[in-house]
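Read the structure below first, then the notes.
The values are calculated or read from the model by the stated rules, or taken from the named source; none is laboratory data. Since the structure is predicted, the reported quantities are computational estimates derived from the model, not experimental observations. In this analysis, Cβ positions are derived from the backbone assuming ideal geometry, glycine residues included, and neighbour counts consider all displayed protein chains.
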């Protein structure tokens with residue numbers, strides 16, 4: 001087959017045909033290899049278009065979907081394991097760590113939804129350093145802010161409510 005113009009970057013004769021290529025689908029440091037793909041690749045910008053007369057696009061998309069599902073399951077299992085290790089209920093975990101809703105946290109744990117990256121990082125940090133949960137409780141109660149406000153503006157009475 002002859003080369004053709006890239007629809008993405010416009011390079012004349014930039015698209016070269018390939019057949020039998022293996023490509024990986026990547027998400028959050030996880031990857032899955034998809035074998036024996038056929039299509040066109042731009043030698044200039046790297047754009048790939050799969051052949052319409054093969055199942056390459058469908059197999060590539062399916063592999064990406066499965067990778068996402070697997071990743072969500074792994075992250076959900078980790079969040080649940082860490083929450084239990086810290087002896088927190090879902091309600092407590094939401095109140096202390098995420099500020100979101102109970103339903104969303106439950107969906108994270110079931111692997112139906114990816115948890116926000118900051119929440120996932122915080123959970124992993126608490127897994128490695130569970131003693132920091134006491135600091136999270138103290139910060140959540142706001143005692144440090146009350147003291148800070150009192151020392152900065154002693155002439156004004158400031159009351160923090162929960």
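Contact annotation: no residue pair with Cβ atoms under 9 Å, 6 or more positions apart or on different chains, pairs a residue in the stretch 71-82 that is in contact (Cβ under 8 Å) with a residue 60 or more places away in the chain with a partner that is outside any helix (DSSP H, G or I). Checking each residue in the stretch 100-116 for being in contact with a helix residue (DSSP H, G or I) (Cβ under 9 Å, 6 or more places away or on another chain), surrounded by fewer than 19 Cβ atoms within 10 Å (Cβ to Cβ) and part of a helix (DSSP H, G or I) picks out 102, 104, 106, 107. Among the residues of the stretch 9-37, those identified as over 27 Å from residue 71 (Cβ atoms) and surrounded by 12 or more Cβ atoms within 10 Å (Cβ to Cβ) are 9, 11, 13, 14, 15, 16, 17, 18, 19.
Kindly state which strands (runs of 3 or more DSSP E) lie completely within the stretch 12-99 and contain at least 2 residues that are assigned by TED's automatic domain parsing to the domain that holds residue 134 and in contact with a helix residue (DSSP H, G or I) (Cβ under 9 Å, 6 or more places away or on another chain).
Working: elements: 15-27, 30-42, 48-50.
Once the strands (runs of 3 or more DSSP E) in the stretch 12-99 are filtered for at least 2 residues that are assigned by TED's automatic domain parsing to the domain that holds residue 134 and in contact with a helix residue (DSSP H, G or I) (Cβ under 9 Å, 6 or more places away or on another chain), nothing remains.
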